[in-house]
1. Output the residues belonging to the range 516-565 that are more than 19 Å from the chain's Cα centre (by Cα), part of a loop (DSSP other than H, G, I, E, B) and within 15 Å of the ligand (Cβ to nearest atom).
2. With the requirement that a residue be of a type in the set (S, T, N, Q), within 21 Å of His525 (Cα to Cα) and either within 12 Å of the ligand (Cβ to nearest atom) or not in a loop (DSSP other than H, G, I, E, B) (or both), what does the range 356-411 give you?
3. Any chance you could count how many residues in the range 296-353 are among the aromatic types (Phe, Trp, Tyr) and in contact with a Pro (Cβ under 9 Å, 6 or more places away or on another chain)?
4. Looking at the range 431-459, which of its residues are modelled with pLDDT of 90 or more, more than 10 Å from the ligand (Cβ to nearest atom) and part of a loop (DSSP other than H, G, I, E, B)?
5. How about the range 485-501: which of its residues are surrounded by fewer than 18 Cβ atoms within 10 Å (Cβ to Cβ), away from the ligand (no atom under 16 Å from the Cβ) and of a type outside the set (D, E, K, R)?
6. Just checking, how many residues over the range 308-327 are of a type in the set (A, V, I, L, M, F, W, C) and closer than 13 Å to Gly409 by Cβ?
7. Assuming Tyr476 fulfils every condition listed in (1) touching a Pro at 6+ places or on another chain (Cβ under 8 Å); (2) farther than 25 Å from Lys398 by Cβ; (3) within 16 Å of the ligand (Cβ to nearest atom); (4) not polar (S, T, N, Q) apart from one, which condition is it?
8. Would you mention how many residues in the range 266-277 are crowded, with 21+ Cβ neighbours inside 10 Å and touching a strand residue (DSSP E or B) at 6+ places or on another chain (Cβ under 7 Å)?
Amino acid sequence: MQKAGNKKEMKYVLVTGGVVSGLGKGVTASSVGLLLQSCGLRVTSIKIDPYLNTDAGTMSPFEHGEVFVLDDGGEVDLDLGNYERFLDIKLTRDNNITTGKIYQSVIDKERRGDYLGSTVQVVPHITDAIQEWIERVAAIPVDGKEGSPDVCVIELGGTIGDIESMPFIEALGQFSYRVGTGNFCLIHVSLVPVLNVVGEPKTKPTQHSVRGLRSLGMTPNILACRSTMELDVNVKEKLSRFCHVPLENIVSLYDVPNIWHIPSLMRDQKAHEAILKALNLLSVVCKPALENWTTMAQRCDMLQEPVVVAMVGKYTGLSDAYLSIHKALLHASVACRRKLIINWVSASDLEDATALKDPEANRAAWNSLKAADAVLVPGGFGDRGVEGKIIAAKYARKNKIPYLGICLGMQVAVIEYARSVLGLQNANSTEFDANTKNPCVIFMPEGSKTHMGGTMRLGSRRTYFQVADCKSAQLYGNQSFIDERHRHRYEVNPNMVSQLEKAGLSFTGKDETGQRMQIVELHSHPYFVGVQFHPEYKSRPRKPSALFLGLIAAASGQLDAFLKKSVGGTKANGYIPIGKGKPGLSPKHRYGPINAKVNIGSFDGMYTNGNGLHV
Ligand code: GLN
């Protein structure tokens with residue numbers, strides 16, 4: 001890959017989708033990345049979303065699924081979460097391209113006078129801007145090593161033929177020509193429907209979709225065909241003939257019990273060889289080392305003993321709204337050898353008002369909550385369902401049910417404690433009651449106190465542990481500090497902290513100023529943890545998030561064993577010394593993450609047949 005002049009030539013894999021959306025294009029692209037990574041290549045990724053929004057920050061999780069947050073504070077499409085989890089990389093906000101971002105950059109240039117004299121047009125100005133963006137971002141290292149990656153996997157959102165994606169298709173067509181054959185590989189993910197169980201798989205939709213792609217000047221190197229069952233060689237031959245794609249470049253991606261099977265499904269059909277050949281990288285050919293993933297995938301299929309988590313949220317109708325939390329729970333459950341079952345509880349259904357209006361819904365919500373081994377209250381904005389979340393926190397606290405409160409979930413736990421234990425009846429967050437007499441959660445922007453726009457505390461921030469032997473510090477491997485991602489405006493009122501602490505609530509993690517409460521715990525409870533940050537974003541299949549691991553371990557009776565290992569951890573137990581601890585922590589507390597040795601993976605409903613572990 002070294003060119004004359006020692007400049008490394010970047011290789012690009014473009015993944016497009018045809019026929020219908022929701023085929024699992026993101027998972028396919030992530031699996032392609034993983035396959036290449038397991039051949040020893042350094043892989044990065046770019047997701048193109050052809051919508052006009054600048055970023056996903058303002059989009060409703062109801063419609064679009066969760067907003068994923070990156071280290072740099074970028075609020076991006078949830079597919080970037082798939083890439084980070086599969087490839088164990090850290091992306092930047094620029095790895096998510098939107099029409100809004102591209103037009104904004106071109107219009108800014110136009111206003112600056114950079115195009116003075118010319119008519120600014122989609123071709124060449126927008127298409128050039130897209131190509132420059134891709135080239136610039138592809139070179140950013142994302143795996144913690146220096147130097148640019150070898151391969152950039154680009155996923156084009158939407159379906160071929162969408163009006164919105166036209167400038168991107170044009171730009172990518174020009175781009176493939178510019179970088180040249182041998183540096184660009186196009187994988188088209190398409191649907192091969194099987195009309196009934198014994199019916200014949202239908203190739204026509206894929207033929208049409210490839211024809212559409214060709215009419216736009218793009219020829220696929222590889223066809224990745226989604227179907228409910230494995231495609232026969234005669235179906236592949238037909239596709240090959242009509243779509244002009246070599247037989248060995250047609251990959252059958254049939255339904256599997258969980259998405260960790262996808263990389264090996266591709267490997268078994270030699271998809272990596274087809275990709276490496278298209279990228280002129282045949283010298284790299286090796287047997288992709290996917291043993292860990294295969295083992296994880298198989299282990300997951302065999303899990304029997306359930307762990308039930310009540311997820312008390314607002315968007316319970318669309319599980320993608322909490323995708324990263326779902327994945328983090330799964331990572332932790334597999335590490336604890338438990339089959340994850342999520343009871344989605346609509347927070348407002350727990351409220352007394354619902355009991356009057358709709359007693360059936362209220363009863364069902366309470367039954368789901370009471371049937372759970374653990375309670376999780378996720379983040380959220382706006383006051384709908386907040387009282388229900390407070391009720392859930394109270395239920396978990398009083399009944400000693402393991403509880404993890406994330407962001408708003410931490411805030412409601414503090415409000416509940418102030419109300420129930422301190423007796424401050426109308427304690428609240430000023431987000432929900434601007435005039436509350438007992439504001440235990442207040443607007444605490446890092447920047448302006450008068451403007452809402454741009455005042456969100458976003459991205460990676462540091463938390464220092466205050467109590468060496470608290471559960472969270474132990475679960476994080478007794479490091480002196482941790483970095484996790486944030487997305488909020490409100491925080492625990494520093495003026496009420498000592499009052500709350502005297503009443504038994506312990507703020508075990510704070511920021512460097514000591515003013516911002518980051519972790520709250522109840523020592524007298526088996527596992528009651530609230531965090532102002534979102535640990536779910538950094539959970540990885542093979543490195544489950546510490547606090548999720550704590551929750552599931554507590555829910556399945558394994559927490560003591562985990563904590564014992566953590567405190568008494570030695571190198572032999574797999575705990576890696578991580579350097580200097582904060583003064584005050586004893587040497588035995590200076591060990592790496594408890595999760596350093598756990599091998600597990602993640603799931604995605606779009607790829608499973610509904611019988612798998614995913615819920
Ligand atoms: N709405 C709360 C805040 O802005 C919580 C945000 C969240 O849960 N992400 O602080």
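The values are calculated or read from the model by the stated rules, or taken from the named source; none is laboratory data. Computed from a prediction, not measured in an experiment: that's the story for all the values here. Every residue, glycine as well, gets a Cβ built from its backbone with ideal geometry; the counts of neighbours run over all protein chains shown.
1. Arg516
2. Residue satisfying the conditions is Gln411 alone.
3. Qualifying residue count, the range 296-353: 2.
4. Once the filter is applied, which keeps residues that are modelled with pLDDT of 90 or more, more than 10 Å from the ligand (Cβ to nearest atom) and part of a loop (DSSP other than H, G, I, E, B), the range 431-459 yields Asp433, Ala434, Asn435, Thr436, Lys437, Asn438.
5. If the condition is that a residue be surrounded by fewer than 18 Cβ atoms within 10 Å (Cβ to Cβ), away from the ligand (no atom under 16 Å from the Cβ) and of a type outside the set (D, E, K, R), then Asn495, Ser498, Gln499 are the ones that fit.
6. In the first step, residues of the range 308-327 are kept if they are of a type in the set (A, V, I, L, M, F, W, C); the result is 308-312, 318, 321, 323, 325.
After this cut, where a residue has to be closer than 13 Å to Gly409 by Cβ as well, the list is 309-312, 325.
Final tally of qualifying residues: 5.
7. (3)
8. We begin by selecting, within the range 266-277, every residue crowded, with 21+ Cβ neighbours inside 10 Å; these are 266-267, 271-272, 274-276.
Next, only the ones that are touching a strand residue (DSSP E or B) at 6+ places or on another chain (Cβ under 7 Å) stay: 266, 271, 274-275.
Looking only at that region, the number is 4.
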